[in-house]
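Let me begin by presenting the structure, written as structure tokens, before commenting on it.
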Amino acid sequence: MNWKEEGIRRLNESLRPVPTEMNGIDWKSSLSDNSERLAKHISAFANYRGGGYLVFGINDDVTFNPLSKGDIEDIIKKLSNIADNRLVCPIQIEHSVIDYEGHNLLLVYIPEQVQKPIHLRGKDMYASYWRTGGTTRLMDRRKAELLVAESNGVSFEQQIAKSGLTEEEVLSLIFFERIYGLLEKDVPNNKAAILSKLLDLGACLYDGDSWSITNMGAILFARNIKEFPPLIPKSIVVRKYSGNNNKCNSKDF
């Protein structure tokens, strides 16, 4: 499926059965005068998985707004200029005029970029945008940092859950005694050996100045996952039921 076919598929999906703007597509009746707002849309779609689409010629009430040849030329020219000059790097956009149920619509495709996040030019990477709930919003700092890690080929497990730690802080946060229990080995009597084992397991990293705990190390071996706020939603819940069905009393551990 090429980008145009995918755009039409998303448009159909957003209009039926109940019209709903989705993360991957945004309807526009006409071209906005707000160049920064348009740059934010392009940033959001360039950061979105699979890229995204602006569709010109549809009003908010899902009626169609006729576009003239001049309207279409102006939209393409302005969006191309913004994509070239208002973001951290030039974004090559695609466009096509489509006949949709007898109405001419301008379909503009903003492809996902390899190196993310794409942010506004002249600002730092935290001036990056993304799509959520069918709207364009400022990306939070954690999301921007995760995109940097993903772009650099760092897996989720290898990403950093907490950094800038001392040796003592690492040992206070990681339940290393449990690790040695699982390995059926005695806990060494010196912290250097323990830290070396944590490094070997990928539970932590050392950059020569300070220590960091990886996502894997925190999820598997944290003494208290609440010490790693971004990972709390990913914590493991063990639920013990009393009785023979899940409607009976239960207790989480």
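The values are calculated or read from the model by the stated rules, or taken from the named source; none is laboratory data. On a predicted model such as this, the values are computed, not experimentally measured, just so you know. Glycine also receives a Cβ, built like all others from the backbone with ideal geometry; neighbour counts cover every protein chain displayed. The accessibility values were calculated without ligands, DNA or RNA, using every heavy atom of the protein model including side chains. Shrake-Rupley method; radii C 1.70, N 1.55, O 1.52, S 1.80 Å.
Structure values in brief
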{"read-out": "Size of electric dipole in the chain: Cβ of Lys, Arg +1 and of Asp, Glu -1, about Cα centre, debye, nearest 20", "value": "660"}
{"read-out": "Solvent-accessible area per residue for the chain (1.4 angstrom probe, square angstrom)", "value": "57"}
{"read-out": "Antiparallel content of DSSP bridges confined to the chain, in %, to 5", "value": "90"}
{"read-out": "Residue-count net charge about Ser210 - beta-carbon cut-off 13 Å; Lys, Arg +1, Asp, Glu -1", "value": "-4"}
{"read-out": "Shape call, the range 4-114: gyration tensor on alpha carbons, a/c limit 1.5", "value": "oblate"}
{"read-out": "Overall form of the range 67-181 per C-alpha gyration tensor (a/c, 1.5; a/b vs b/c)", "value": "prolate"}
{"read-out": "Gyration tensor over alpha-carbon atoms, the chain, equivalent ellipsoid semi-axes in Å", "value": "48, 24, 13"}
{"read-out": "Pair-distance profile P(r), taking every C-alpha pair of the range 128-196, with 5 angstrom steps and integer %", "value": "3, 12, 16, 14, 14, 13, 9, 8, 6, 4, 1, 0"}
{"read-out": "CD proxy at 222 nm, helix term only [per DSSP H run n ≥ 4: -39500 (n - 2.57); per residue of the chain; nearest 500]", "value": "-10000 deg cm²/dmol"}
{"read-out": "Separation in nanometres of the label points that stand 7 Å from Cα toward Cβ, at Lys77 and Glu150", "value": "3.7"}
{"read-out": "Nearest-ten-degree value, helix 141-151 long axis tilted from longest Cα axis of the chain", "value": "90"}
{"read-out": "10 Å Cβ shell holding at most 16 others, DSSP loop, trypsin sites (Lys or Arg not before Pro): longest site-free stretch of the chain", "value": "50-120"}
{"read-out": "Percent accessible area from carbon and sulfur atoms, the chain, protein chains only, probe 1.4 Å", "value": "49"}
